[in-house]
Amino acid sequence: MARKINVSLLFLTLVFFVQTAAAEQISFNADYMTGRTNASTDTTRLVGNAFVRTSSMEINADEITIEGSDFTSITATGSVRGKNLETKLEFTCEKLRFDRITKIARLENFVHLTDVENNVTADAHIIDYNQNNDVAIMQIEVSLVQKDNLCTAAYAVYKKRSQTLEMSGNPKITQGKDSFRAQEISLNLETQEIILDGRVNGTVSDSKEKNKKPDNNDDKNAIKQEPKGEADGN
């Protein structure tokens with residue numbers, strides 16, 4: 001028989017500590033909590049100023065549900081904000097799902113991600129982040145800003161450890177007055193090397209000669225064009 005817990009606090013904060021089978025302590029608090037446990041699964045629902053902290057993640061939201069065997073799955077909705085304590089990533093979104101076993105988080109709806117260590121910010125509709133390899137897969141209206149780079153695409157893969165960005169789906173990089181387009185674009189965020197692949201086009205400006213017409217053959221910021229693909233330089 002399932003056991004149900006219902007706790008309501010109007011003004012005080014409720015704090016619990018759960019010791020899981022994986023020897024990870026989860027702490028959480030909220031204005032209101034309901035819980036259910038049985039032989040196959042456990043569920044805890046936190047409502048109002050909900051907060052959860054694991055060994056690697058801090059999450060704040062309007063509502064958070066922790067469920068699964070040993071509370072392995074965390075779902076947060078409504079004004080979600082948080083940080084990864086190990087990789088120094090901070091985020092805001094409207095919905096988050098995090099698996100404590102796989103260490104994979106899916107952020108959805110108005111996602112804003114900040115890599116504090118590398119001064120990189122990204123926005124997208126969906127971001128899947130894998131804590132094991134520090135890779136973020138970004139989808140739909142992706143925008144990433146780093147130094148003088150404004151990168152936009154429909155799909156992008158940000159690799160935090162190697163500081164590289166791979167973009168597709170009408171990708172574009174803007175650096176001041178310069179811009180570059182191709183079918184696929186790769187950017188090394190440390191060296192600022194850009195690799196353009198397939199139907200390449202762009203514009204560059206010469207700061208010494210402001211009235212000079214842009215010349216796409218200029219070697220600027222170590223831009224490389226892959227040999228495959230059809231070039232379409234302006």
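The values are calculated or read from the model by the stated rules, or taken from the named source; none is laboratory data. Values in this document were obtained by computation on a predicted structure and should not be read as measured data. Cβ: placed from backbone, ideal geometry, glycine included. Neighbour counts: every protein chain shown. For the accessible areas, the whole protein counts, side chains as well, though only heavy atoms, and no ligand, DNA or RNA atoms are used. Shrake-Rupley method; radii C 1.70, N 1.55, O 1.52, S 1.80 Å.
Filter the stretch 43-96 for residues that are under 23 Å from residue 161 (Cα atoms) and polar (S, T, N, Q) and give the result. Of everything in the stretch 43-96, those that are under 23 Å from residue 161 (Cα atoms) and polar (S, T, N, Q) turn out to be 54, 55, 56, 84, 87, 92. Residue 21 meets the conditions (1) more than 25 Å from residue 134 (Cβ to Cβ); (2) modelled with pLDDT of 90 or more; (3) among the small types (Gly, Ala, Ser) in every case but one. The failed one is (2).
Restricting to the stretch 157-196, name every residue that is among the acidic types (Asp, Glu) and either under 22 Å from the mean Cα position of the chain (by Cα) or open to solvent by less than 30 Å² (accessible area, probe 1.4 Å) (or both).
Pass one, the stretch 157-196, residues among the acidic types (Asp, Glu): 166, 178, 184, 190, 193.
Correct list: 166, 178, 184, 190.
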